[in-house]
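The next block holds one structure in the form of structure tokens; read it before the comments.
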Amino acid sequence: MADASSLTGLLDRMVADRQLSAADARALGSPGRDAPPSSEAEVLRWLAQEYEVPFNALDEIEPDRQVLGLFPARILLKEELLPLRRENGTVEIATCRLFATQGLDALKAMTGLRLQPVLAPREAIQREMKKRLGVGADTIDTLGEEASFQVVDDNDEDTDLDNAAEDASIIRFVNQVLRDAIELRASDIHLEPFEDEMRIRYRIDGVLQDVPVPAQIKRFQPAIVSRVKILSHLNIAEKRLPQDGRIKIRLDDAEVDIRVSVIPMLHGEAVVMRLLRQNSTLRGMSQLGMGERELRGFRRVLGLPHGIILVTGPTGSGKTSTLYTALGEINDSVRKIITIEDPIEYQLRGVNQIQVSEKAGLTFARGLRAILRHDPDVLLIGEIRDHETAAIAVQASLTGHLVFSTLHTNDAPGALTRLVDMGVEPYLVASSLEAVLAQRLVRVLCPHCRQIDTSLTALTLAAELHFPTGTPIYRAVGCRECRNTGYHGRRGIFEWMDTTPEIRRLILKNASSGEIREAAERTGMRALGDDGWRLVREGVTTPEEVFRVTKDQSAGEREGAKNAATAATSTPA
């Protein structure tokens, strides 16, 4: 039975939104009812029965696109009305407001069609409208009407569209895209120009997903790009060279830092925006999801007085978040911690943080030299990019500082040879480097729709990997909760390599990363792929995800499992 206060709040809101009459709200909330409704859907079902109006949860129905095109998107979105289908000259319109008829009346007057209201939950209507009409459909609809009255000189089209970047509708459209991406947990926004369309995609959980947008958005592509440039303090007149900028926005008391990159393409300028949430809550070491061996090794090096600890992996693999978590473990009043980053992704209380500024001449190398004069105990270098930065980091570790940094390599052993390739002497690498952590992020199975994979290929894979008898392997399905991807959220998989005496000797001999890997595995190092199978065994992710992010791992003992998983991706469950 519904809680009395929550029921009262629900009914009051629906009355205020004109979804429900005051008389019906009193009837629904009366003490005499055996089972008061606990959700909007239940209230709407009751209304549908009382007033003999159809009810549809919109779980299975596919709205007719031709019917959608009969009505202006601006009114549909404003009044929360969704045309469903047309039968016998009558158009069914989904609504959550039975007693607010002004929207339906406006559509009748504009089209002359007979309309039949169908009650549906507000959340379902909003979800389907965004999917069918696209992000910012009301804004583009308004722009289309305004544009039809403009006379544009063919020789000055770009200038007119640049001026349009200050139009309220363009501003509103860009804001809608940013808000939508943040609400969907996107890490990147891609605005991509093509010959006959402008495509918008969000990277969610590491995978790009198409965003529905109105077809006529292509006409306003230069104005949209110019608006992003204005927000990023870039030159809107420069359309031939790449530009980089930054936007900082506040949404619901949360700050989001956005790195913007604009590059000229064949059919216009492409924009990529990376979203960095400033107020993200850092987890503790135990919440990183590391295995016991990796966590024990990481905690051990945090207590060292000096040395270099590297975290490696591709862009977007969570390296910086792991390092911030490590700093949070050792951040106390007896240590001075200084970071130099580009950009500063998290703000840590009690930590001195420096923002790199190439334009002002503050590079990683120049900043590091200045930092060493501030008597730090712990340094965090956002990324080792060149010989100069690497050499200063090594010197800092040899003079009594604990240095954390990131490096772009495929695995942990590759970090050692990468430093040597940068020009650091092998004996300096051997004496300064204490440990390397390689990591990737795999998508986590959606708990609402995951299913046990009973196919022969899944059983074969479990046997190849020596899973305990009866251990299930799950597969991704897809549902409304996960946007039909089958996944929601991400977890890390890790490869921890301590710099043992044997590995130090191999570094001095300029050994290959393959030889270093063999030595590390003899001392217990677990490869990225092997750590991924731990999450498969725990039912956290799928074999396809593990191979997607660790396809560069090809140790001989995993070749059979790789073949089995390859077959699994081509055989339906």
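Mind checking whether some residue in the stretch 276-288 is in contact with a strand residue (DSSP E or B) (Cβ under 7 Å, 6 or more places away or on another chain) and in a strand (DSSP E or B)?
There is at least one residue in the stretch 276-288 that is in contact with a strand residue (DSSP E or B) (Cβ under 7 Å, 6 or more places away or on another chain) and in a strand (DSSP E or B).
Listed by first and then second residue, the pairs with beta-carbon distance under 9 Å, at least 6 apart or on different chains, first residue in the stretch 422-438 and in contact (Cβ under 8 Å) with a residue 12 or more places away in the chain, second in a strand (DSSP E or B) and among the charged types (D, E, K, R), are GLU434/ASP498; ALA435/ASP498; VAL436/GLU495; VAL436/ASP498; LEU437/GLU495; ALA438/GLU495.
Among the residues making up the stretch 166-200, those that are open to solvent by less than 50 Å² (accessible area, probe 1.4 Å) and in contact with a His (Cβ under 8 Å, 6 or more places away or on another chain) are PRO193, ILE200. Only a single criterion out of (1) open to solvent by less than 40 Å² (accessible area, probe 1.4 Å); (2) farther than 19 Å from GLU195 by Cβ; (3) assigned to a strand (DSSP E or B) is not satisfied by GLU269, namely (2).
Taking every residue in the stretch 104-120 that is without any contact (Cβ under 8 Å) to a residue 40 or more places away in the chain and pairing it with any residue that is outside any helix (DSSP H, G or I) and surrounded by fewer than 13 Cβ atoms within 10 Å (Cβ to Cβ), at least 6 positions away or on another chain, the pairs with Cβ-Cβ distances below 7 Å are ARG114/GLY89; ARG114/THR90.
Please find, within the stretch 80-100, the residue that is most open to solvent (accessible area, probe 1.4 Å) out of those that are at pLDDT 80 or above and polar (S, T, N, Q). Spell out the reasoning first.
Within the stretch 80-100, the subset at pLDDT 80 or above is 80-87, 90-97.
Retained after the next criterion (residues that are polar (S, T, N, Q)): 90, 95.
Working: THR90: 35, THR95: 5 Å².
My answer is THR90.
Looking only at the stretch 436-453, decide whether some residue is under 25 Å from PRO413 (Cβ atoms), of a type in the set (D, E, K, R) and open to solvent by less than 40 Å² (accessible area, probe 1.4 Å). Yes, some residue in the stretch 436-453 is under 25 Å from PRO413 (Cβ atoms), of a type in the set (D, E, K, R) and open to solvent by less than 40 Å² (accessible area, probe 1.4 Å). Filtered by the rule that a residue be open to solvent by less than 40 Å² (accessible area, probe 1.4 Å), in contact with a Pro (Cβ under 8 Å, 6 or more places away or on another chain) and free of Cβ contacts under 8 Å to residues at least 60 places away in the same chain, the stretch 52-75 gives VAL67, PHE71. The helices (runs of 4 or more DSSP H) found entirely in the stretch 447-534 that carry 3 or more residues being touching a strand residue (DSSP E or B) at 6+ places or on another chain (Cβ under 9 Å) are 501-508, 513-522. When the residues of the stretch 416-436 are filtered to those that are in contact with a strand residue (DSSP E or B) (Cβ under 9 Å, 6 or more places away or on another chain) and β-branched (Val, Ile, Thr), the one that is farthest from SER512 (Cα to Cα) is VAL436. The set of residues in the stretch 303-322 that are open to solvent by 10 Å² or more (accessible area, probe 1.4 Å) and in contact (Cβ under 8 Å) with a residue 60 or more places away in the chain comprises LEU304, PRO305, HIS306, PRO314, THR315, GLY316, GLY318, LYS319, THR320. Does the stretch 228-247 hold any residues that are out of contact with any helix residue (DSSP H, G or I) (no Cβ under 8 Å at 6 or more places or on another chain) and free of Cβ contacts under 8 Å to residues at least 12 places away in the same chain, and which are they? The one that is out of contact with any helix residue (DSSP H, G or I) (no Cβ under 8 Å at 6 or more places or on another chain) and free of Cβ contacts under 8 Å to residues at least 12 places away in the same chain: GLU238. Taking each residue of the stretch 405-416 that is over 12 Å from LYS319 (Cβ atoms) and looking for partners that are open to solvent by 10 Å² or more (accessible area, probe 1.4 Å) and of a type in the set (Gly, Ala, Ser) with beta-carbon atoms closer than 6 Å, six or more apart or interchain, yields PRO413/SER513; GLY414/SER513. Scanning the stretch 530-573 for residues that are among the charged types (D, E, K, R) and either touching a Pro at 6+ places or on another chain (Cβ under 6 Å) or at pLDDT 50 or above (or both) gives ASP530, ASP531, ARG534, ARG537, GLU538, GLU544, GLU545, ARG548, LYS551.
Every test in (1) over 29 Å from the mean Cα position of the chain (by Cα); (2) of a type in the set (Val, Ile, Thr); (3) open to solvent by 10 Å² or more (accessible area, probe 1.4 Å) is passed by THR363 save one, and that test is (1). Considering (1) acidic (Asp, Glu); (2) in contact with a helix residue (DSSP H, G or I) (Cβ under 9 Å, 6 or more places away or on another chain); (3) modelled with pLDDT under 90, the lone condition that GLU383 does not fulfil carries the number (3).
Checking the structure you have, find out if any residue of the stretch 251-259 is open to solvent by less than 30 Å² (accessible area, probe 1.4 Å), in contact with a helix residue (DSSP H, G or I) (Cβ under 9 Å, 6 or more places away or on another chain) and modelled with pLDDT under 90.
Within the stretch 251-259, the first condition is being open to solvent by less than 30 Å² (accessible area, probe 1.4 Å), and the residues that meet it are 251, 256-258.
Adding the requirement that they be in contact with a helix residue (DSSP H, G or I) (Cβ under 9 Å, 6 or more places away or on another chain) leaves 251, 256, 258.
Among the residues that remain, those that are also modelled with pLDDT under 90 are: 251, 256.
So far as the stretch 251-259 goes, yes, one or more of its residues are open to solvent by less than 30 Å² (accessible area, probe 1.4 Å), in contact with a helix residue (DSSP H, G or I) (Cβ under 9 Å, 6 or more places away or on another chain) and modelled with pLDDT under 90.
Yes or no, residue by residue, for (1) at pLDDT 90 or above; (2) assigned to a strand (DSSP E or B); (3) of a type in the set (A, V, I, L, M, F, W, C):
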residue: LEU327; (1), (2), (3): yes, no, yes
residue: SER333; (1), (2), (3): no, no, no
residue: GLU345; (1), (2), (3): no, no, no
residue: PHE404; (1), (2), (3): yes, yes, yes
residue: PRO413; (1), (2), (3): yes, no, no
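So is GLY32 more than 30 Å from ALA215 (Cβ to Cβ) and either modelled with pLDDT of 80 or more or open to solvent by 30 Å² or more (accessible area, probe 1.4 Å) (or both) or not? Yes; evaluated as a whole, the condition is true for this residue.
I need the full set of residues from the stretch 535-554 which are in contact (Cβ under 8 Å) with a residue 40 or more places away in the chain and either buried (at least 23 other Cβ atoms within 10 Å of the Cβ) or assigned to a loop (DSSP other than H, G, I, E, B) (or both), in order please. Scanning the stretch 535-554 gives VAL536, GLY539, VAL540, THR541, THR542, PRO543, GLU545, VAL546, VAL549, THR550, ASP552, GLN553.
Every condition in (1) among the polar types (S, T, N, Q); (2) out of contact with any Asp or Glu (no Cβ under 9 Å at 6 or more places or on another chain); (3) touching a residue at least 24 places away in the same chain (Cβ under 8 Å) holds for THR500 except the one numbered (3).
If the condition is being at negative phi, among the hydrophobic types (A, V, I, L, M, F, W, C) and modelled with pLDDT of 75 or more, then the stretch 52-67 contributes VAL53, PHE55, ALA57, VAL67. All conditions in (1) open to solvent by less than 20 Å² (accessible area, probe 1.4 Å); (2) part of a strand (DSSP E or B); (3) closer than 30 Å to GLU481 by Cα hold for VAL262, with the sole exception of (3).
The values are calculated or read from the model by the stated rules, or taken from the named source; none is laboratory data. Computed from a predicted model, the values in this text were never measured in an experiment. Note that we place each Cβ from the backbone using ideal geometry, even for glycine, and neighbour counts take in every protein chain shown. Heavy atoms of the whole protein, side chains included, go into the accessibility calculation; ligands, DNA and RNA do not. Shrake-Rupley method; radii C 1.70, N 1.55, O 1.52, S 1.80 Å.
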